[in-house]
Amino acid sequence: MTGIFLLAMVIGCILFPLRDAQSGESGGEADADDVVLIEIEPETTREIEGISELERRRYFNICDQGTGFEKRVKDDEMYEYLVGELGISFGRRLGVVKYPSKSMPEDPDRPGYPDISRFRREKIDAASERMARDFGDNLNVAAHGQHNAFPEYMGKFTTDESVRDSKHEEFLPKNIDAAAYLSAAVLKFGFNDFDRPSYYEPVNEPHWSFPKTQHLADWHLKTMALVHRATPSVKVGGPCLPVCYFYRKNYGSFSGLREFIDRTDARMDFYSFHTYDYLRWRDGELRGRIQSGVALEGTLDLVQNYTVNTHGKHVDVVVSEQGGYIGSDPKGEFDGEFVAGQIMAEHYPDADPASWDYEMKKRSVVCFGHVSSIIANTLAFVEHPHCVQKTVPFLLPNTWNWGPKYYAQLYVPRGYQDQSQWVETDMLAYFKFFRDLQGRRVKALCEDPDLQVRAFVDGKKLFLVVNNQSFSPETVELDGIDAESVEIRRFGRKPDFTVSYTEDTIVLPKRLRVEGREAIMIIADHDAPILQERRVNEIVCYGDKVALPVDAANFVVVVPQDAAIDYAQLRIGLTRSPESDRTPIVRFNGMELEVPLEDCAERFVDREYAMTKFVALDPAWLKSENQISIRFPDGGDGAIGSVVIRAAVNSK
């Protein structure tokens with residue numbers, strides 16, 4: 001990797017011409033050309049569109065509604081562990097109107113509308129003192145409705161595609177006024193102020209054909225209007241798409257969300273989608289269609305780039321499910337179980353596959369894939385605080401009532417039958433890894449596009465997170481940490497693909513090895529509070545167009561010139577065929593920039609190459625209007641989704 005290098009993952013990191021590290025243990029020596037320098041400035045607060053504080057309840061959530069949680073865990077000790085020690089928040093409620101509506105007959109005086117007279121008189125239990133103490137005035141949950149949840153007396157709106165499969169027909173309520181009235185009534189009378197959802201999506205993952213209809217848009221707009229009138233604190237949005245690989249078909253797959261935004265005139269309180277990595281076991285490795293981390297950055301840029309250009313504003317985003325699972329067929333007894341069994345059989349041919357230890361090792365393989373995707377997504381989301389309001393890792397406390405073997409549980413019953421014994425799974429590593437992370441975002445410099453680098457300060461503590469998205473190890477050199485010893489947390493995988501999670505206190509090494517697909521957290525406790533000495537604020541500047549074919553990829557990005565710029569970064573979201581050249585020729589104001597090829601590229605080539613390129617820009621190069629062209633040496637295959645410049649201005 002040579003030339004003008006990129007800022008590592010929106011940290012504003014200036015990258016230098018270095019190669020991937022293949023050697024060098026913690027604190028050991030490595031060749032200078034193999035070392036990636038990470039420079040941290042704990043005294044420099046880093047804002048993104050004016051926001052520096054990390055709000056934990058946006059990211060570190062379990063997939064649970066929170067209501068009555070203290071009664072649903074094993075005991076007080078488990079509650080204190082999850083809430084007090086790991087600092088979990090709550091994320092998602094599935095189902096809002098379906099079950100309450102079963103007790104609401106059609107109103108004889110208003111055909112098509114529910115009779116809510118009995119429902120509105122039902123008593124709602126208040127929150128316990130402990131839950132109110134731990135979570136404040138509201139649980140801040142995102143709720144979405146189930147399929148076919150509205151009473152049939154409201155009529156059925158369908159498309160030809162949504163009813164093609166007679167066993168899985170999907171419909172929306174035809175009478176949108178009545179449906180909006182029902183949602184507003186349930187949100188008002190079915191909850192108290194503590195557990196009432198903060199975000200409401202009328203339907204979870206609607207059939208792909210619905211977002212292209214005006215009916216879905218009108219229903220959401222009507223629902224938002226009535227819900228605002230009944231419960232002003234609840235925000236309403238959608239369309240809650242099941243995927244966000246908008247780069248498919250040269251960004252043709254962006255049309256579903258784009259059309260929904262246009263049909264609602266960008267007026268919804270938020271817009272929403274889910275993001276999952278679809279993992280497959282190929283060539284002795286977990287590969288597949290990867291949407292997390294570096295690819296997700298371009299997705300998030302694209303949405304805002306489009307709405308700023310078309311509707312003149314940023315829009316809020318909610319991601320009420322995120323993760324990554326092994327979706328290969330046959331699935332086995334839970335998602336990924338069959339593949340995990342193959343891996344175990346290869347590594348432990350003489351082991352007893354019926355033993356509980358063997359079973360938990362299989363689950364651990366699945367856990368690594370899921371948690372590593374969640375970590376990569378979270379580290380992307382925290383870089384977009386100006387738009388991403390809520391994200392929910394798909395991690396459920398347990399699913400024993402309907403599926404004790406389900407893949408995404410934090411706890412399973414021993415032997416899948418003994419519910420008196422709650423067995424912890426490696427899914428909990430996500431919350432262990434990120435526990436107590438909080439504070440203000442601070443500036444860091446990094447040298448490698450494969451590393452997601454994030455730094456925060458809370459009082460005397462400096463937190464540094466490094467996530468290696470490639471299969472190759474990296475040796476990093478740390479600069480700017482004023483501590484003799486540090487706590488280090490490592491989330492990675494063992495040779496058998498099961499989770500490796502360790503915590504230790506070590507003498508601060510000069511150099512540290514980060515294994516392929518490993519995430520590390522370093523916590524340095526300084527002698528005194530780390531005070532802010534200066535601030536930089538990253539202003540996000542968008543290209544004048546989105547989703548252009550490569551042979552027409554010419555953009556203009558306007559950058560304000562009224563304040564001194566500390567550093568700047570060019571971000572390019574793109575897609576090409578997997579076999580095409582992956583290194584673009586980028587001209588910036590007539591000057592050709594060298595763009596590095598990230599080592600993790602091989603993970604992002606399932607069906608298409610989807611990537612976000614990050615290129616460091618010398619602030620002296622920036623003009624008020626910047627001309628950017630992108631081409632490839634092998635021709636015009638592919639498309640450019642978005643072109644964005646983040647300019648970090650010195651703030652007072």
Residue-normalised 222 nm signal for the chain, counting each DSSP H run of n ≥ 4 as -39,500 (n - 2.57), nearest 500 deg cm²/dmol, is -5500 deg cm²/dmol
Do any trypsin sites (Lys or Arg not before Pro) in the range 537-645 lie in a loop, going by DSSP, with at most 14 other beta-carbon atoms within 10 Å of their beta carbon, and if so which?
Arg607, Lys623
Using amide H atoms built in the peptide plane, which far-off residues or other-chain residues are under 5 Å from Asn626 H to H?
Val557, Val558, Val559
Simple spin-label estimate for Ala230/Thr399, 7 Å along Cα→Cβ, in nm, reads 3.0 nm
Solvent-accessible area per residue for the range 392-474 (1.4 angstrom probe, square angstrom)
27 Å²
How about the range 161-242: which GluC sites (Glu not before Pro) there lie in a loop by DSSP and see at most 16 other Cβ atoms within 10 Å?
Glu161, Glu169
Can you pull the percent of the range 430-480's accessible area that's carbon plus sulfur, 1.4 Å probe, other chains left in place?
34 percent
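Using a probe radius of 1.4 Å on heavy atoms only, what accessible surface per residue do you get for the range 191-343? Whole Å² is fine. The partial results should precede the final answer.
Working: 4760 Å² over 153 residues.
Accessible area per residue, the range 191-343: 31 Å².
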Residues meeting the amide H criterion for Tyr567 (H placed from the backbone, H to H distance under 5 Å, 5 or more places apart or on another chain) are Ala648
Violating pairs (Cα-Cα greater than 31 angstrom) within the set Lys188/Lys390; Lys98/Lys313; Lys361/Lys443:
Lys98/Lys313; Lys361/Lys443
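Let's test the formula: R0 of 35 Å, r as the Cβ-Cβ distance of Tyr358 and Gln627. What FRET efficiency results, to the nearest 0.05? Present the calculation step by step, with values, prior to reporting the outcome.
Numbers: r = 60 Å, r/R0 = 1.71.
Plugging the Cβ-Cβ distance into 1/(1 + (r/R0)^6) gives 0.05.
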Express the carbon and sulfur contribution to the solvent-accessible surface of the range 81-139 as a percent, rounded to the nearest whole number, probe 1.4 angstrom.
45 percent
Whole-Hz Karplus couplings 3J(HN,Hα) for the range 558-564, θ = phi - 60° and coefficients 6.51, -1.76, 1.60, Gly and Pro as x, run 8, 10, x, 10, 8, 8, 5
Applying the Karplus parametrisation 6.51 cos²θ - 1.76 cosθ + 1.60 with θ = phi - 60° to the phi angles of the range 81-94, what ³J(HN,Hα) value in whole Hz is obtained for each residue in order, glycine and proline being reported as x?
5, 6, 8, x, 8, 8, x, 5, 10, 10, x, 9, 10, 9
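Multiply the residue gap between Ser485 and Ala552 by 0.36 nm, knock off their C-alpha separation, and tell me the result in nm, one decimal place. Please report the intermediate quantities before stating the final value.
Details: separation 67, 0.36 × 67 = 24.12 nm, distance 5.29 nm.
Using 0.36 nm per residue and subtracting the Cα-Cα distance, I get 18.8 nm.
Tell me, what % of the accessible area of the range 244-367 is carbon and sulfur with a 1.4 angstrom probe?
Numbers: 1810 of 4320 Å².
Carbon and sulfur atoms account for 42 percent of the accessible area of the range 244-367.
Based on the Kirkwood radius over alpha-carbon pairs, what is the Stokes-Einstein translational diffusion coefficient of the chain at 25 °C with 0.890 mPa s viscosity, in µm²/s? Before the final figure, lay out the partial values.
Values: Rh = 25.8 Å.
Taking Rh from Cα pairs, D becomes 95 µm²/s.
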What distance in nm separates the simple spin-label points at His215 and Arg164, each placed 7 Å from Cα in the Cβ direction?
1.7 nm
Expected vector for the range 372-388, Karplus 3J(HN,Hα) from phi with 6.51, -1.76, 1.60 and θ = phi - 60°, integer Hz, x for Gly and Pro, equals 5, 5, 4, 4, 4, 5, 4, 5, 7, 4, 5, 8, 10, x, 6, 9, 7
So what is the accessible area of the range 518-619 per residue, in Å², with the probe set to 1.4 Å?
37 Å²
Longest to shortest principal axis, alpha-carbon extents of the range 238-361, angstrom
63, 26, 21
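Past 19 Å, Cα to Cα, is the threshold; run Lys405/Lys494; Lys461/Lys494; Lys362/Lys405; Lys174/Lys222 against it and keep the listed order.
On the way: Lys405/Lys494 23 Å; Lys461/Lys494 30 Å; Lys362/Lys405 12 Å; Lys174/Lys222 12 Å.
From the list (Lys405/Lys494; Lys461/Lys494; Lys362/Lys405; Lys174/Lys222), the Cα-Cα distance tops 19 Å for Lys405/Lys494; Lys461/Lys494.
Based on DSSP, what percent of beta bridges with both residues in the chain are antiparallel, to the nearest 5?
On the way: 96 of 132 bridges.
Among the beta bridges of the chain, antiparallel pairing accounts for roughly 75 percent.
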Amide H partners (placed H, <5 Å) of Leu445, local residues excluded:
Glu39, Ile40, Glu41
Spacing of the two label points (7 Å from each Cα toward its C-beta) at Asp115 and Lys98, in nm:
2.5 nm
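Fully extended, how many nm does the chain gain between Ile585 and Met78 (0.36 nm per residue separation, minus their Cα-Cα distance)?
Details: separation 507, 0.36 × 507 = 182.52 nm, distance 5.44 nm.
Contour length minus the Cα-Cα distance gives 177.1 nm.
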So what's the angle, to the nearest 10 degrees on a 0 to 90 scale, between helix 176-189 and the longest Cα principal axis of the chain?
80 degrees
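Counting other C-beta atoms within 10 Å, and keeping those with at most 10, which DSSP coil GluC sites (Glu not before Pro) do you find in the range 551-618? Before the final figure, lay out each step's value.
Numbers: sites: Glu579, Glu592, Glu594, Glu598, Glu602, Glu608; in loops: Glu579, Glu594, Glu598, Glu608.
Within the range 551-618, the qualifying GluC sites (Glu not before Pro) (loop, at most 10 other Cβ atoms within 10 Å) are Glu579.
How long is the gain from Asn650 to Ala345 if the chain were fully straight, where each residue apart is worth 0.36 nm and the alpha carbon distance is subtracted? Don't skip to the answer; put the middle values down first.
Details: separation 305, 0.36 × 305 = 109.80 nm, distance 5.67 nm.
Stretched fully, the Asn650-Ala345 segment lengthens by 104.1 nm.
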With axes computed from alpha carbons, what is the tilt in degrees of helix 337-347 against the longest principal axis of the chain, rounded to the nearest 10 within 0 to 90?
40 degrees
I'd like the FRET efficiency for Glu152 and Phe189, computed as 1/(1 + (r/R0)^6) with the beta carbon distance as r and R0 of 35 Å, rounded to 0.05.
0.95
How far is helix 294-311 tilted off the main Cα axis of the chain, in degrees rounded to 10, range 0 to 90?
70 degrees
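The values are calculated or read from the model by the stated rules, or taken from the named source; none is laboratory data. Remember, predicted model here, so these are calculated numbers, not experimental data. Cβ coordinates were reconstructed from backbone atoms using ideal geometry, including for glycine residues, and neighbour counts include every protein chain displayed. The area values use the complete protein model at the heavy-atom level, side chains included, leaving out ligands, DNA and RNA. Shrake-Rupley method; radii C 1.70, N 1.55, O 1.52, S 1.80 Å.
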